[in-house]
2 protein chains.
Amino acid sequence: MTNKYVSLLRQYGFKVTHARVKVLERLEHATKPMTAQELHEELADAKMDLATVYRSLNKFADAGLIARVQLGDEFMRFEFAKHSHHHHIVCNSCGKVSEIELCNLDALSQDIAQKTGFRNITHHVVFSGDCQDCANKS
Amino acid sequence: MTNKYVSLLRQYGFKVTHARVKVLERLEHATKPMTAQELHEELADAKMDLATVYRSLNKFADAGLIARVQLGDEFMRFEFAKHSHHHHIVCNSCGKVSEIELCNLDALSQDIAQKTGFRNITHHVVFSGDCQDCANKS
DNA sequence: GTTTGTGCAAACTGTTTGCAACTTC
DNA sequence: GAAGTTGCAAACAGTTTGCACAAAC
């Protein structure tokens, strides 16, 4: 087993296991941040325990290999770390998630720093609205 | 019992109970969004059940009397509805929450609408950073 | 062969719900 | 007195954890 994910795991000092490779692989091909349960279902063939999925995700996220994403519901989601600043927009009716590359919050963050005295300000944004498909249906 | 909160409850068509008045009152005087558990603890004198707190909060939030706020942890928080657009900034180390009145996301939302086809776009933002007190300590 | 990961079941946490008793109007 | 609310206990959902066994290095 010597592929991209194996190297990535080695690079981060993780032991290489079947489960971890599968999780990483699935996450990199995801078109939206995924929950532990979604991953578990989609990787049913690999017969790994849900607890193992959670443990892998938390390790990877703590190490910065993947990112935790909250989209406003009760689930924690995870996405392959892209290292490019972006946000998400979620459809109010079908739940579809798209990525947003635009962000103009840096200037605002500086303003906030000045006014509030906070330093090293970061932000988490989730947009929501009605996607084109859903808007057309109604 | 004829005060501000009683009127407010009547106005929204809610029955007026001791518990509801207490919850509303406490929320209006809060300096930050509060969790159900915090409210329950702080209203210990009123001896109301945690379930009652949850039920009140959810009713009020559904009716628009108060707003649900997620700050990035596992708790749902609630704040008295202010009807003025604002966001929050949370200190990474002490958890202090401050309100942010500035927001320049409307132009960006229009851009996003054009590029993605989403309509009626709204946004939820949480800033975080190191507050002045904590930054000075370290 | 030592260290680390896994499966399983049980625990934990925030929140919701069913139901009988009680308030509110 | 009809309708809605409460307290209590039990249920629920997402997530974490303890432990014996298994896999990785």
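Of note:
- Between B:ARG10 and B:HIS83, residue separation times 0.36 nm minus the direct Cα-Cα distance comes to 24.3 nm.
- Taking the chain by itself as reference, segment B:63-78 contains these residues with an accessible-area loss of 10 Å² or more in the full protein complex (1.4 Å probe, heavy atoms): B:GLN70, B:GLY72, B:ASP73.
- Projecting 7 Å from Cα along the Cα-to-Cβ direction, the label point of A:GLN114 sits 2.7 nm from its equivalents in the other copies, listed shortest first.
- Across peptide A:106-118, the average count of Cβ atoms from other chains found within 10 Å of a residue's Cβ is 5.
- Distances in nm from B:ALA46 to the matching label points in the other copies, shortest first (labels 7 Å along Cα to Cβ): 4.8
- Two-site FRET efficiency, B:GLU99 against A:LEU50, from Cβ-Cβ distance with R₀ of 45 Å, rounded to 0.05: 0.70
- Computed [θ] at 222 nm, deg cm²/dmol, chain B (DSSP H ≥ 4; -39,500 (n - 2.57); rounded to nearest 500): -12000 deg cm²/dmol
- Helix A:18-28 axis, angle to chain A major axis (alpha carbon atoms, nearest 10°): 30 degrees
- Using the Cβ-Cβ distance between A:PHE75 and A:THR17 with R0 = 22 Å, the FRET efficiency computed as 1/(1 + (r/R0)^6) comes to roughly 0.35.
- Quarter the surface of the alpha carbon convex hull of the protein assembly as shown and you get the mean projected area, 19.1 square nanometres.
- Per residue, the protein assembly as shown exposes 57 Å² of accessible surface when a 1.4 Å probe is rolled over the protein heavy atoms with every protein chain present.
- For segment A:71-86, the Karplus equation 6.51 cos²θ - 1.76 cosθ + 1.60, evaluated at θ = phi - 60°, returns couplings of 10, x, 10, 8, 9, 8, 10, 9, 9, 4, 5, 9, 6, 10, 5, 7 Hz by residue, with Gly and Pro reported as x.
- B:TYR12 accessible area, assembled protein chains, probe 1.4 Å, Å²: 80 Å²
- Shape call, chain B: gyration tensor on alpha carbons, a/c limit 1.5: oblate
- Span from the segment A:11-31 Cα centroid across to the segment A:38-89 one, whole angstrom: 10 Å
- Nearest-10 value in Å² for the accessible area of A:GLU28, using the 1.4 Å probe: 60 Å²
- Accessible carbon and sulfur surface of the protein assembly as shown relative to its total accessible area, %, 1.4 Å: 47 percent
- Once the C-beta distance of B:GLN37 and B:ASP106 is scaled by a Förster radius of 30 Å, the resulting FRET efficiency is 0.30 to the nearest 0.05.
- Start at zero, step by 10 Å, and the Cα-Cα distances of segment A:3-80 spread as 19, 58, 21, 1 percent across the bins.
The values are calculated or read from the model by the stated rules, or taken from the named source; none is laboratory data. Just so we're clear, the structure is a prediction, and the values are computed from it rather than from any experiment. All Cβ positions, glycine included, derive from the backbone under ideal geometry; neighbour counts span all protein chains shown. Protein only, heavy atoms only, side chains kept; ligands, DNA and RNA dropped before computing areas. Shrake-Rupley method; radii C 1.70, N 1.55, O 1.52, S 1.80 Å.
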